[in-house]
Amino acid sequence: MELELDGTDLKAVLNRLRRAQGQISGVIRMIEEGRDCEEVVTQLAAASRALDRAGFAIIATGLQKCVADIESGRRNGEDAAAMRARMEKLFLSLA
């Protein structure tokens, strides 16, 4: 399945990923500076949430596309059960 996001969705996902990238850079810097463990973990958790949200946005778009493909019958011979199994695997990869 190809990643197809419209302009608004793409911008939102990229913003989340950039935010996570900045947070991860901040975590590295904090560790190098010997900052408080609680502060480091808080920033690491924020980065993790940003990555999760980006992943869920991508999966939601994929799910929407799969539903459209099922309805139109254009899915290269893949049946609904196989598509469902792929989507479950994607969801579980973020769990």
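The values are calculated or read from the model by the stated rules, or taken from the named source; none is laboratory data. A quick note: this is a predicted structure, and the numbers were derived from the prediction, not measured. Virtual Cβ from ideal backbone geometry, glycine too; neighbours counted across all protein chains shown.
Among the candidates A50, A57, which residue alone is in a helix (DSSP H, G or I), at pLDDT 85 or above and of a type in the set (G, A, S)?
Working: A57 fails: at pLDDT 85 or above.
Just a single option satisfies the conditions, and that option is A50.
Would you be able to tell me the number of residues in the range 61-95 that are surrounded by fewer than 10 Cβ atoms within 10 Å (Cβ to Cβ), at pLDDT 70 or above and of a type in the set (A, V, I, L, M)?
Result for the range 61-95: 2.
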